[in-house]
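The values are calculated or read from the model by the stated rules, or taken from the named source; none is laboratory data. On a predicted model such as this, the values are computed, not experimentally measured, just so you know. We place every Cβ from the backbone using ideal geometry, glycine too, and count neighbours over all the protein chains shown. Side chains are part of the model used for accessible areas, which takes the heavy atoms of the whole protein and leaves out ligands, DNA and RNA. Shrake-Rupley method; radii C 1.70, N 1.55, O 1.52, S 1.80 Å.
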Amino acid sequence: MSFVIEEIASQPGCWQRAAEMAGGVAGLPAPGERVAVVGCGTSLFIAQAYAALREAAGAGESDAFPASEFPRGRTYDRVVVICRSGTTTEVLELLRATTLPTVAVIGDPRTPIVAAADTCVVLDFADERSVVQTRFATTALVLLRAHLGLLPDDLIEQCRAAIEWPLPAGALARGQFTFLGAGWTNGIANEAALKVREAAGAWTESYPAMEYRHGPISVSDERSLVWFFGTPPAGLVKQVERTGALVEDAETDPLADLVRVQRLAVALAESKDLDPDQPRNLTRSIILS
């Protein structure tokens, strides 16, 4: 069994621990603070989801950036960094250069990020051996949602169910995958597309659902799977179905639904005799010379 399969299955326990610790965590943004949330790869997409959730909840203006694109001249009350490895070059360079208050949500406390950030929130129980991120990213978002008071009471149970639910019938036979979101679930859609692309080398795309009509729908056909996170815009499901694409629209929390996409990514990789733990051309952390 691959590491990532075990890590996907362990998410209910990780989420529970993160939810329980959220109320006592120091350094996370206070209500009203103007916040920048920073990450790379999967962590960037979790940052996008958190920033959109926080601002929509009225907790304060919140922006998300790749670490390499952070606007150095802009003022924030706090910078939140999400970084599993604690060694990513762009993240460390940003933390060492900024004079703004910083807090890092990390997986490994034995890394340089501990000295670079003002405060660290350690989720070492959710760290991973697989190159492909699954449980660390989702656990970080559970922590941040719980800190905002926006965690559904039954989210852990939804996660357990998502590990057991069948994948969409015929999904493994599809060759093109489009993931659609809105608001905070745009980050979830972006992460879903990355997961399938990383693990299985598949053709994936992600868009805000209302933007999908403006060009991207042209690639959808009987080879496609179009997956919605959250409630689809009125009439869009029927439009997608007319293309011949398979549509997935689960009535569950989008973060729990992401767990099913993680499982799909692994299943697709295995169907191609690929190693989902070690995608080609990728390493656990990007460290530049």
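Taking 62, 130, 271 in turn, the Gaussian network model of the chain (Cα-Cα springs below 10 Å) assigns the largest fluctuation to 271. Across the stretch 43-140, C-alpha contacts under 8 Å between residues 6 or more apart give a mean separation that, scaled by the residue count, equals a relative contact order of 23 percent. Residues considered: 263, 84, 72. Largest GNM mean-square fluctuation over the chain, using C-alpha springs under 10 Å, is found at 72.
Ligands, DNA and RNA are left out, and with a 1.4 angstrom probe the accessible area of the stretch 58-102 is 42 Å² per residue.
Spin-label model, residue 69 to residue 238: label points 7 Å out along the Cα-to-beta-carbon direction sit 3.6 nm apart. Note on the chain: along the principal axes its Cα atoms extend 52, 40, 38 Å, ordered by decreasing extent.
Each Cα pair under 8 Å and six or more residues apart adds its separation to the average, and for the chain the resulting relative contact order is 20 percent. For the stretch 1-144, the antiparallel share of DSSP beta bridges with both residues in that region comes to about 0%. Nonpolar atom fraction for the chain, defined as the carbon and sulfur part of the 1.4 Å probe accessible area, stands at 50 percent.
Across the stretch 169-289, the mean sequence separation of Cα contacts (distance under 8 Å, 6 or more residues apart), normalised by length, yields a relative contact order of 30 percent. Taking the helices alone, the chain has a mean residue ellipticity at 222 nm of -11500 deg cm²/dmol, built from -39,500 (n - 2.57) per DSSP H run of at least 4 residues and averaged over all its residues. Report, in degrees rounded to the nearest 10, the 0 to 90 angle that the Cα long axis of helix 185-200 makes with the longest principal axis of the chain. Result, in degrees: 70.
Name the longest site-free stretch of the chain, where the excluded sites are GluC sites (Glu not before Pro) in a DSSP loop with no more than 13 other beta-carbon atoms within 10 Å. Longest gap between qualifying sites, sites excluded: 1-221. Highest GNM mean-square fluctuation among 217, 82, 113, for the chain modelled with Cα contacts below 10 Å: 217.
Here is the P(r) of the stretch 156-250: all C-alpha pair distances, binned every 5 Å from 0, give 3, 14, 24, 27, 20, 9, 3, 0 in whole percents.
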